Amino acid sequence: MTKQVLIINITRMGDLVQMGALLNRLQEEWPGASVDLVVDRRFASVAALMTGLRDVIPFDFHVLIDESRAAVKDVVSLYQGVNAWVRPLTERRYDRIINLTFNRPSALLAGAIGAADIRGARSAWDGGMVVDNPWMAYFCDFHQFRRFNRFNLVDVYALGGSGLGSFAPLQARIPAEDRLWARHVLVGPSQWVAVQAGASDVMKAWRPHLFGLSLAQLSHQWDGGLAFIGSADEEGTIAQVMQAYREAGGRNAVKNLAGRTTLSQLAALLSECRTLLTNDTGPMHIGVAAGTSVIDLSVGHVDFQETGPYGRGHWVIQPELDCAPCGFEQVCAHHACKDRIAPDLVADLLLHILKGAPPPSRATGVRLYRSDVDEDGLGTFRLTSGSEAVGTAWYAGFWRRYWYETYTGVESRVPAPEGAPPDEQQARASLQRLIPLLTAACRKAEEIAHMAGRKTVNIAKITQLQQQQGKEKERLVLTGMGNSATAPVTAAFLRQLQNDNVKGLDRLAHHHAGAYRTLLTRVLDIDRRFFGSRANSSDSCPSPSLRPSMRQTGSTQHAA
């Protein structure tokens with residue numbers, strides 16, 4: 001019987017394009033699978049560019065939210081409308097739902113439609129949200145240790161929504177009539193560079209006058225054309241670019257196509273351009289899928305390791321600052337990262353792509369990366385100029401292998417970082433503090449679980465133990481999150497505690513005990529990987545009584 005999959009992705013343009021590897025992986029896992037997509041109506045046209053979808057199901061989610069907040073309709077009417085829309089989806093009886101929108105409304109939607117296997121955000125029995133697929137949980141938590149993350153969102157979607165498989169580049173389906181339109185528009189010069197100077201968030205946009213200076217310098221050695229893309233709202237930004245460009249002596253043919261294309265025309269236009277110079281935007285991912293070489297100016301709070309151009313042959317410029325990239329919700333007062341990218345570096349990189357000039361070998365104040373595919377068949381970025389902090393590079397390599405092997409059960413072919421961690425003494429001291437704390441916490445969690453499973457439950461005693469456990473948890477979390485050797489597994493522990501989709505005191509106690517046991521097991525494993533086998537064999541947590549049955553857990557853990 002043909003498998004049926006529903007993907008829920010109701011956020012942004014780029015997130016939709018980045019599902020490409022997932023769609024390929026699902027067909028590899030289940031040949032001939034029927035895959036449907038729930039999408040916000042504003043982005044339904046993006047789905048038309050993608051291959052591997054049977055049905056695209058749009059809905060005005062933002063209208064629904066606005067009507068809910070403004071009380072345009074009463075709650076009963078809103079519920080009846082959504083329920084009527086959901087009913088046909090429920091009747092399809094999906095084998096798997098992959099929810100790539102991590103909020104409570106989407107979790108409720110996934111639960112309302114229903115499937116035996118729900119990956120990503122799903123609703124708990126009490127109306128809350130749980131994310132118990134390991135890769136999807138990783139996606140929710142890596143912002144806490146993002147400088148060590150080396151998994152592109154494209155691969156996280158594919159691994160969490162399906163599993164391991166062969167590498168597949170992002171691809172866009174471009175109608176023939178749109179390709180003809182693009183060729184007709186781009187007349188004159190034999191080569192064109194597409195330019196996306198704006199962005200939906202000014203935090204992640206390079207300075208317009210620096211775009212202009214880079215393009216003007218390029219024009220002194222290259223006689224092709226420049227095609228500006230983007231939305232109609234970016235006209236002001238493009239005007240600033242053009243002013244700096246003309247004042248610096250720029251003389252290429254220029255076409256301003258911002259706000260003048262459909263999405264499929266945009267994809268066709270990018271496919272006809274030699275390269276795309278861009279901020280981290282949705283059109284950047286469309287350019288990648290259209291087969292265009294991309295230069296990504298990674299500034300502000302975006303991190304190219306997470307959302308940079310996927311696959312081989314793209315370039316990324318990242319400012320070399322301790323604060324770069326800044327936090328998602330951080331308000332920056334200086335935007336100094338944008339001034340670190342020199343226009344002549346961008347011009348030299350463009351000349352390398354366009355004319356085969358040598359790539360920049362030295363770059364001041366920035367790191368230059370080239371995108372690639374690693375030994376495990378996942379997207380990666382190779383540093384070609386500049387330097388990374390020794391500790392960041394070492395731990396990034398360690399955690400890349402650790403999570404891959406932990407969540408797939410397959411040995412990684414990516415080389416392990418050499419030697420001991422650069423902060424060896426600090427890491428050793430942190431582990432020596434954390435292991436006894438965890439061992440004691442694990443035994444206390446087992447004691448609580450044992451007491452909660454008795455026929456006669458001593459509530460007062462359990463409450464006392466839980467209060468003690470809470471104080472001890474604060475101490476071990478503070479210790480665990482304070483060091484690069486243990487912060488990522490500590491964050492995963494907190495996520496596992498939160499995913500307590502269970503009913504009953506005994507089941508909740510067993511769930512918590514399981515989380516403590518997992519963390520202790522991981523910390524001991526890290527200690528062995530760093531420093532060899534420990535001599536003290538008493539560092540363990542009794543586990544037989546903590547292995548709850550399916551009846552006790554009340555939920556299924558969906559592995560990748």
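Every read-out reported here was derived from the displayed coordinates using simple, explicitly stated rules and does not represent laboratory data. Note that the coordinates shown come from a computational prediction; the quantities given were computed from them, not determined experimentally. Counting neighbours? That spans all protein chains shown, and the Cβs are built from the backbone with ideal geometry, glycine included.
Residues whose amide H comes within less than 5 Å of that of SER385, counting only those at least five positions distant or on another chain, are LEU368 (H built at 1.01 Å from N in the peptide plane). Normalised by the number of residues in the chain, the average gap of Cα pairs under 8 Å and 6 or more apart makes the relative contact order 13 percent.
Suppose a student asked you for the relative contact order of the stretch 176-387, using Cα pairs under 8 Å spaced at least 6 residues apart; what percent would you report?
Reported as a whole number, the value is 20 percent.
Sequence-distant contacts, meaning Cα pairs under 8 Å at least 6 residues apart, place the relative contact order of the stretch 4-161 at 25 percent.
Fewest-first ordering of ARG362, ARG41 by other beta carbons within 10 Å of each residue's beta carbon gives ARG362, ARG41. Relative to the longest principal axis of the Cα atoms of the chain, helix 20-29 runs at roughly 50 degrees. Straight-line cross-link reach from LYS3 at under 16 Å between alpha-carbon atoms covers these aspartates and glutamates, not counting any fewer than eight positions away in the same chain: GLU28, GLU29, ASP36, ASP55, GLU91, ASP95, ASP117.
Taking only Cα atoms, what is the 0 to 90° angle, nearest 10, from helix 75-91's long axis to the longest principal axis of the chain? The answer is roughly 90 degrees. For the stretch 176-387, just say rounded, prolate or oblate: build the C-alpha gyration tensor, square-root its eigenvalues into a ≥ b ≥ c, call rounded for a/c under 1.5, and beyond that prolate if a/b exceeds b/c, oblate if not. Cα axes put the stretch 176-387 in the rounded bin.
Give me the net charge of ALA121's neighbourhood, meaning all other residues with Cβ under 11 Å from the Cβ of ALA121; Lys, Arg count +1, Asp, Glu -1.
The answer is +2.
From the list [x] 98, 63, 52; [y] 77, 68, 48; [z] 85, 60, 45, can you say which value of Cα extents along the principal axes in Å was derived from the structure given? Evaluating Cα extents along the principal axes in Å on these atoms matches [z].
Each of CYS337, CYS332, CYS326 has some number of other Cβ atoms within 10 Å of its Cβ, and from fewest to most they run CYS332, CYS326, CYS337. Only DSSP H runs of four or more residues enter the estimate; each adds -39500 (n - 2.57), and after division by the residues of the chain the mean residue ellipticity at 222 nm equals -14500 deg cm²/dmol.
Counted by neighbouring Cβ atoms within 10 Å, the residues GLU320, GLU234 run from fewest to most as GLU320, GLU234. Under 5 Å from the amide H of GLY230 lie the amide H atoms of GLY259, each residue being 5 or more positions distant or on a separate chain, with H modelled from the backbone and absent for Pro and chain starts. Across the stretch 510-521, rounded Karplus estimates of 3J(HN,Hα) from the backbone phi angles (6.51 cos²θ - 1.76 cosθ + 1.60, θ = phi - 60°) give 5, 4, 5, 4, x, 5, 5, 5, 4, 5, 4, 4 Hz, Gly and Pro being marked x.
LYS503: which lysines have alpha carbons under 23 Å from its alpha carbon, excluding same-chain residues fewer than 8 sequence positions away? LYS503 reaches LYS444, LYS455, LYS461, LYS473. In sequence order, the stretch 155-167 has phi-based couplings of 6, 4, 4, 5, 5, x, x, 9, x, 5, x, 7, 5 Hz under the Karplus curve 6.51 cos²θ - 1.76 cosθ + 1.60, θ = phi - 60°, and Gly or Pro positions carry x. Scanning residues 5 or more positions from ILE57 or on other chains, those with amide H under 5 Å from its amide H are LEU37, VAL38, VAL39, with H placed 1.01 Å from N in the peptide plane. Computed from Cα atoms, the angle from the helix 208-219 axis to the main principal axis of the chain rounds to 50 degrees. Note on LYS338: lysines with a C-alpha under 26 Å away, same-chain residues under 8 apart excluded, are LYS204, LYS255.
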